[in-house]
Structure formats: C-alpha cells, structure tokens
Amino acid sequence: MTQSLEFISVPPESEQAPSGLIVTLHGWGASADDVVALLPFFNLPDYQFIFPNAPYPYPYAPIGRAWYDLRTENMYEGLTESRQMLTDWLLSLESVTGVPLSRTILSGFSQGAAMTMDVGLNLPLAGLVAMSGYLHPEAGKVAKDNFPPTLITHGRQDEVVPLLAAVKARDTLKALGVPVQYEEFDMGHEIGLQMLDLLRNFVVNTIE
C-alpha cells in the first residue's frame, strides 16, 4: 500500500489559472479512470479536476480499488488508514495545484461519498458533494462548528445504498449545523446527469 494516493489530474480547458479545484472520489471496486469518463458531463471547463485512486486493492477484481473493506468479515478494515491518507493528500494539493482548500470541492460516489463526508467535514473546503453515499458509524462526532456546505443526492431506487442512508446523512449533518442541500431522483445506484447538473450549479454558486 502506497503512502500517497495516485491520481489523474485534468487541467482547465483554457490556459488561465483554474477557477477552482474539484476532487472526485470513486466508489468501491471502481477506479479513477471510471470517474474521468464522466468529465465531459460535468461541464465545468474553467476548473481543474483531480481523480484519486483509493489505496487498497478491490477483493473481487484485479483492476478495482477500495477505500476500505466492505466484506462482512472485514467491515471497515482500512478506514482509519485511508482517512489519514486522504486528509494528508488533500492538504498537500494546494502546493501542487496552486488552488487553496477554500476553492476546492470534494465530491464522491458511494464509498467515495462516505469518505467525502467523513474527511471533508473536518477540512476548510469550499463544499462537499455526496452522491449515493452513506455515513460511517462514527460520523457526527466532529469537534468544530464551521462546516462546508454539503450537497447530498441519492436515487430512490438505489438497491446498493438504500435511500434511508441518505436521509440519515442529511439529518445527522443538519443536527451538526452543516448547511445541507438534499435532492432525491428516480434512479438507482448511479451517477445520473441530473446529479451532475446539480453538482455543477452547486460548484458555481459555492465558489463564485
């Protein structure tokens, strides 16, 4: 296991400095390449994008990655290490990109959304986007009172992460004092174009 995260970086389409930075975390068994394929649908040409690979191998396929184990016998194994690694990596990005955390949006899908809410609530980021995600068991124990605005989106027909997980995330974060925007869609466990439209609007309104 590497001590830093491998990632794919995509600069803005223009030659100008990026308006902001968008980091997107993939889900369990996926990889950075899977999320890069969505880049045209983000429709944010003035932003830099970074897609990291999770640090652990996926147990069921040679090409997928995992932020931690989700098998029943090893549930959440590796989470503590991933949390620290992701935090340290995010803190190092400004020196690489020139974009401060205050202009950085952390987003993620499924397991990546869980990591987004876990790590992101503790950092001075511009905003968080959790797509089809859930909270880790110890979520809600954050010792601070100033949080990044958070967009939570979920499909009503999600058979992998039930809608109830999104409702619980919304309610838990609101109780902490996090500014939450919550949206449901008639879809399954996927990143739909409606989600990306919302993400785009959220990014523009949050950073600009």
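For the reader, a short list of remarks on this structure follows.
- Listed by chain and number, the aspartates and glutamates whose C-alpha is less than 19 Å from the C-alpha of K141, apart from same-chain residues fewer than 8 away, are E81, D118, D171.
- With semi-axes defined as the square roots of five times the eigenvalues of the C-alpha gyration tensor, the equivalent ellipsoid of the range 10-119 measures 26, 16, 10 Å, largest first.
- Charge-dipole axis of the range 55-182 as Lys and Arg at +1 and Asp and Glu at -1 on Cβ define it, positive-most pick from T72, Y60, S95: S95
- Projected-area average for the chain over all orientations - Cα convex hull basis, square nanometres: 10.8
- Placing +1 on the Cβ of every Lys and Arg and -1 on the Cβ of every Asp and Glu, with nothing else charged, gives the chain a dipole about its Cα centre of roughly 440 debye.
- Estimated at 0.36 nm per residue, the fully extended path between L38 and Q194 surpasses their Cα-Cα distance by 54.9 nm.
- Rounded to 5, the percent of DSSP beta bridges in the chain classed as antiparallel: 20
- Note on the range 58-149: the C-alpha convex hull projects to 6.7 nm² when averaged across all orientations.
- The fraction of Cα-Cα pairs per 5 angstrom bin, counted from 0 for the range 130-202, comes to 3, 17, 28, 23, 17, 9, 3, 0 percent, rounded to whole percents.
- Rg(Cα)/(2.2 N^0.38 Å) for the range 67-110, N = residue count: 1.46
- Sulfur and carbon atoms: percent of accessible area, the chain [1.4 Å]: 51
- Residues of the range 20-46 with amide N under 14 Å of the 7 Å Cα→Cβ point at R71: 29
- Virtual paramagnetic centre 7 Å along Cα→Cβ of E208, amide N under 12 Å, in the range 1-39: 19-20
- Cβ-Cβ FRET estimate between S92 and D186, R0 fixed at 30 Å, reported to 0.05: 0.15
- Debye, to nearest 20: dipole size of the range 12-91, +1 on Lys, Arg Cβ, -1 on Asp, Glu Cβ: 160
- The packing ranking of peptides 90-99, 61-70, 110-119, highest mean first, is 110-119, 61-70, 90-99, where packing means the average number of other beta carbon atoms within 10 angstrom of each residue.
The values are calculated or read from the model by the stated rules, or taken from the named source; none is laboratory data. What you see is a predicted model, and the numbers here were worked out from it, not measured in a lab. Positions of Cβ are generated from backbone atoms using ideal geometry, with glycine treated the same way; all protein chains shown enter the neighbour counts. Note: accessible area is taken over every heavy atom of the protein model, side chains too, but ligands, DNA and RNA are not part of it. Shrake-Rupley method; radii C 1.70, N 1.55, O 1.52, S 1.80 Å.
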